[in-house]
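Take a look at the structure set out below.
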Amino acid sequence: MTASNITTTHPAFFLLVGIPGLEHLHVWISIPFCFAYTLALLGNCTLLFVIQADASLHMPMYFFLAMLAAIDLVLSSTTLPKMLAIFWFRDREISFYGCLVQMFFLHSFSIMESAVLLAMAFDRYVAICKPLHYTTVLTGPLITKIGMAAVARAVTLMTPLPFLLKRFHYCRGPMIAHCYCDHMAVVRLACGDTRFNNIYGIAVAMFIVVLDLLFVILSYIFILRAVLQLASQEARYKAFGTCVSHIGAILAFYTPVVISSVMHRVARRAAPHVHILFANFYLLFPPMINPIIYGIRTKQIHERVLGLFPRKDA
């Protein structure tokens, strides 16, 4: 009897609602979602192909960009296919363990993306503030260690989540009012004392956003100081121009996070679909926009991408 009770503390599956209150618009909402996912796949796969194929791009800046593209591919593919299945086929069911796996990958790769953006800020700092030491500081082994540290940090912080959630009894039904298995959306279905989960989730989010963003801002303070000390305006423009793509990626990643966080605290009475649309925007926008930013702003990548398309002779 005891064993039976232990094995039934969690449901066999959850049901993802999608976007509560907008179920009748799911098919129409799926159009921009599908478009964004297609752009994310094409853009990030193109970046990875170009960087891998062109030996002249085998430099620290582009290695970090390849990491970012790979993370964006996993991040969008973790959630978007299931979202589209909900919107198109009303396939709302997801197994309990499938939900935990989706949650782990979703939050882990979000943390990894933040770490890589911080590493890219460090790359720009060394390139502008210590250009003579760039190749000696950002060596292959160091880049590998940075990548491994980003993965280790994310996995370490997110590994407790599945075990914390598995111990709960879910008495509030299987309906998750979301498009994907967000940690707090699942916690709301659990019975018992969930304070530790709430505190842990908020603490990890604040730790990642505040700490990483603080170091990014600090890097750009040093970068700005170094740029302003350059003799000519052209040199200042050229030096700071190398940071524009990274600043765009930073804004694309952190702006939706901050807006969503503020919305949860300031606009608590807003309709649920408003919060969920912002949460989806946070997942959709960076993977879609990052390849566009770097493809347009980075001359080397722009030229290599155009080179993939044969030109017709006049």
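If you check Phe87, Phe105 for being open to solvent by 30 Å² or more (accessible area, probe 1.4 Å), aromatic (Phe, Trp, Tyr) and in a helix (DSSP H, G or I), only one passes: Phe105.
Looking only at residues in segment 50-84 that are in a helix (DSSP H, G or I) and charged (D, E, K, R), the one that is farthest from Leu284 (Cα to Cα) is Lys82. The helices (runs of 4 or more DSSP H) found wholly in segment 120-209 and carrying at least 2 residues that are under 30 Å from Phe33 (Cα atoms) occupy 140-158, 160-166, 183-187. The residue list Leu42, Leu47 contains one member that is touching a helix residue (DSSP H, G or I) at 6+ places or on another chain (Cβ under 7 Å) and either at pLDDT 95 or above or not in a loop (DSSP other than H, G, I, E, B) (or both), which is Leu47.
Inspect all residues belonging to segment 52-73 and state whether any of them is exposed (fewer than 14 other Cβ atoms within 10 Å of the Cβ), out of contact with any Lys or Arg (no Cβ under 6 Å at 6 or more places or on another chain) and more than 30 Å from Val126 (Cβ to Cβ). No: segment 52-73 contains no residue that is exposed (fewer than 14 other Cβ atoms within 10 Å of the Cβ), out of contact with any Lys or Arg (no Cβ under 6 Å at 6 or more places or on another chain) and more than 30 Å from Val126 (Cβ to Cβ).
Selection of segment 140-192 for residues being aromatic (Phe, Trp, Tyr), under 19 Å from Thr79 (Cβ atoms) and touching a Pro at 6+ places or on another chain (Cβ under 9 Å) yields an empty set. Can you spot a residue in segment 237-249 that is among the polar types (S, T, N, Q), without any contact (Cβ under 8 Å) to a residue 12 or more places away in the chain and surrounded by 12 or more Cβ atoms within 10 Å (Cβ to Cβ)? The answer is no; no qualifying residue exists. Among the residues of this structure, Val151 does not count as one that is open to solvent by 30 Å² or more (accessible area, probe 1.4 Å), without any contact (Cβ under 8 Å) to a residue 12 or more places away in the chain and of a type outside the set (Asp, Glu). Each residue in segment 23-35 was checked for being more than 20 Å from the chain's Cα centre (by Cα) and open to solvent by 30 Å² or more (accessible area, probe 1.4 Å), and 6 of them qualify. Of all residue pairs spaced 6 or more apart or on separate chains, none has beta-carbon atoms under 6 Å together with a first member in segment 271-289 that is surrounded by fewer than 16 Cβ atoms within 10 Å (Cβ to Cβ) and a second member that is among the polar types (S, T, N, Q). Listed by first and then second residue, the pairs with beta-carbon distance under 7 Å, at least 6 apart or on different chains, first residue in segment 171-185 and surrounded by fewer than 20 Cβ atoms within 10 Å (Cβ to Cβ), second of a type outside the set (D, E, K, R) and part of a helix (DSSP H, G or I), are Ala177/Ala185; Ala177/Pro272; Met184/Gly201.
The values are calculated or read from the model by the stated rules, or taken from the named source; none is laboratory data. Keep in mind it's a predicted model, so treat the numbers as computed, not measured. Virtual Cβ from ideal backbone geometry, glycine too; neighbours counted across all protein chains shown. Just the protein is used for accessible areas: all its heavy atoms, side chains included, with ligands, DNA and RNA removed. Shrake-Rupley method; radii C 1.70, N 1.55, O 1.52, S 1.80 Å.
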